[in-house]
C-alpha cells in the first residue's frame, strides 16, 4: 500500500469488497476465499494494477477486514484501503469521497470483487468507450426464456430481446458519478452505479460483456470452480544458450552482473529471460521468441530482454490466460548465481505481475563438462505453468 498520490491521475479503479459473504456458505467473506490458488479479490486487483492506463486502485472493505485484505494483496503496491458502509451504495460513495479527497480523477471504474476473472481487454474496451461517453457498462444478452411469476405461478413470458445482463466494471466520468451519488437519496438503494448515474440524468452506454465475469455468490457457484473442466492447465518449456565473450556485458534475469566476460547475442543476450520467454509463449501455444523477435531484424540489436518477457505476458493475457508459476535454472560454472538469485526472482516477478513465491530461480553446474563446464557459455532452461479458460 502506498501514500496518496500528489497529482490527479486520469483513470482510477475502485473494487467493492465490503461484503460479508453470508450467502456463500464459506465461513469467511467470499472476497478472501481462494480461487485458483489466490484470494478472489487479488485476481481483479492484479489486473487493474497491471494495466498501464489505470493510475490508482482503491479497495473498499468492511472495518475489521484490514488484515485479510493486506494478506490477500501481499506484495502488491499502489492501492489504498477505504472503509465501506452499510450498503453497496454507501461503500461506493465512501470510495468516491476518498478519491476526491486525494485529488480526484478524470474517470473511475467500479468493480465488484465477486467477479474475479477480469481481463485486460475488458478494461481497454471500457476506457475506449469513455473517450466519447460519460458512462459505460458491460452487458450480455439473456439467452434463456424469461418470465415473471405471481404467487409462485407463471404469469407471462417476457421479451428477452429487450433484456440484458449487467456486469462490472462499470466506467464513468468521475465528477459526474460523484455528483450522481451526492444527489441520490438513502431510500434509493441501487444495486449498481449505472442506476444512480442514470437517475441523475446521465446517459449510460453499453459495451459487450464477458462470460468470464460471472459473479460468484452462492456455495454452488464456488463448487463449480472446483470442476476440472473449468480451466486448462498448460505448461511450456524454454531452453537457450549464449556464448561468453570478452568485452560484452553480462545480463541475467534482467540484472547486470559484474564479470570478466559477458554474453554475446543479438539483443542483450539475457539467456535466462530468453528461456523464460520461450516457456511462456510455448504454454500459450504462440510459437517461440524467434517468431516474434527475429535476430535478423536490426531493431532488436542490443534490446533489453525484459521487452520479450513483457510481450509473452501480454500474449497470455490477450488469450484470457493467467500465469501460475515459473521455474528457471541457470547452467554455468561462473559467475556464482546465488548472490544474485533473490534480486533475479524479484525482477522477474515484477515483469510477470506475480508474487515472488511463484517465481523460482535455481543454478547448477555441469561439473566442468561441456561448453558450460569449460566456461565458454551459459545455458538456461525454464518451465512456465499457466491457466486458460
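Residues that are more than 17 Å from residue 197 (Cβ to Cβ) and in contact with a helix residue (DSSP H, G or I) (Cβ under 8 Å, 6 or more places away or on another chain) number at least 1 in the following strands (runs of 3 or more DSSP E) confined to segment 61-156: 79-83, 135-141, 146-150. Set side by side, the residues 64, 85 differ, and just one is over 28 Å from residue 355 (Cα atoms) and at pLDDT below 95, which is 85. In the condition set (1) within 19 Å of the chain's Cα centre (by Cα); (2) surrounded by 22 or more Cβ atoms within 10 Å (Cβ to Cβ); (3) within 24 Å of residue 172 (Cβ to Cβ); (4) at pLDDT below 95, residue 58 is compliant with all but (4). Checked against (1) more than 30 Å from residue 28 (Cα to Cα); (2) touching a strand residue (DSSP E or B) at 6+ places or on another chain (Cβ under 9 Å), residue 231 passes all but a single condition, namely (1). Within segment 330-341, the set of residues being within 32 Å of the chain's Cα centre (by Cα) and modelled with pLDDT under 95 comprises 337, 338, 339, 340, 341.
Condition check: in contact (Cβ under 8 Å) with a residue 24 or more places away in the chain, within 23 Å of residue 128 (Cα to Cα) and touching a helix residue (DSSP H, G or I) at 6+ places or on another chain (Cβ under 9 Å). Does residue 43 satisfy that? Spelling it out, it is not the case that residue 43 is in contact (Cβ under 8 Å) with a residue 24 or more places away in the chain, within 23 Å of residue 128 (Cα to Cα) and touching a helix residue (DSSP H, G or I) at 6+ places or on another chain (Cβ under 9 Å). What about residue 282, is it within 25 Å of the chain's Cα centre (by Cα) and assigned by TED's automatic domain parsing to the domain that holds residue 321? Here the answer is yes, as residue 282 does meet what is asked.
Among the residues of segment 260-268, is any crowded, with 16+ Cβ neighbours inside 10 Å, in contact with a helix residue (DSSP H, G or I) (Cβ under 9 Å, 6 or more places away or on another chain), assigned by TED's automatic domain parsing to the domain that holds residue 372 and within 20 Å of residue 47 (Cα to Cα)? No, that holds for no residue.
Candidates in segment 243-274 are the residues that are assigned to a loop (DSSP other than H, G, I, E, B) and in contact with a strand residue (DSSP E or B) (Cβ under 6 Å, 6 or more places away or on another chain); of these, the one that is modelled with the highest pLDDT is 270.
Quick one: in segment 158-168, of everything that is assigned to a strand (DSSP E or B) and at pLDDT 85 or above, which residue is nearest to residue 14 (Cα to Cα)?
166
Of note, residue 212 does not satisfy the criterion of being in contact with a strand residue (DSSP E or B) (Cβ under 7 Å, 6 or more places away or on another chain), part of a helix (DSSP H, G or I) and either closer than 30 Å to residue 319 by Cβ or modelled with pLDDT under 90 (or both). Considering the conditions (1) in contact (Cβ under 8 Å) with a residue 24 or more places away in the chain; (2) surrounded by fewer than 18 Cβ atoms within 10 Å (Cβ to Cβ), residue 186 is excluded by exactly one of them, (1).
Identification of strands (runs of 3 or more DSSP E) wholly contained in segment 280-389 with 2 or more residues that are farther than 25 Å from residue 257 by Cβ yields 322-331, 377-388.
The values are calculated or read from the model by the stated rules, or taken from the named source; none is laboratory data. Since we're looking at a predicted model, the values are computed, not measured. FYI the Cβ positions are ideal-geometry reconstructions off the backbone, even for glycines, and counts take in every protein chain you see.
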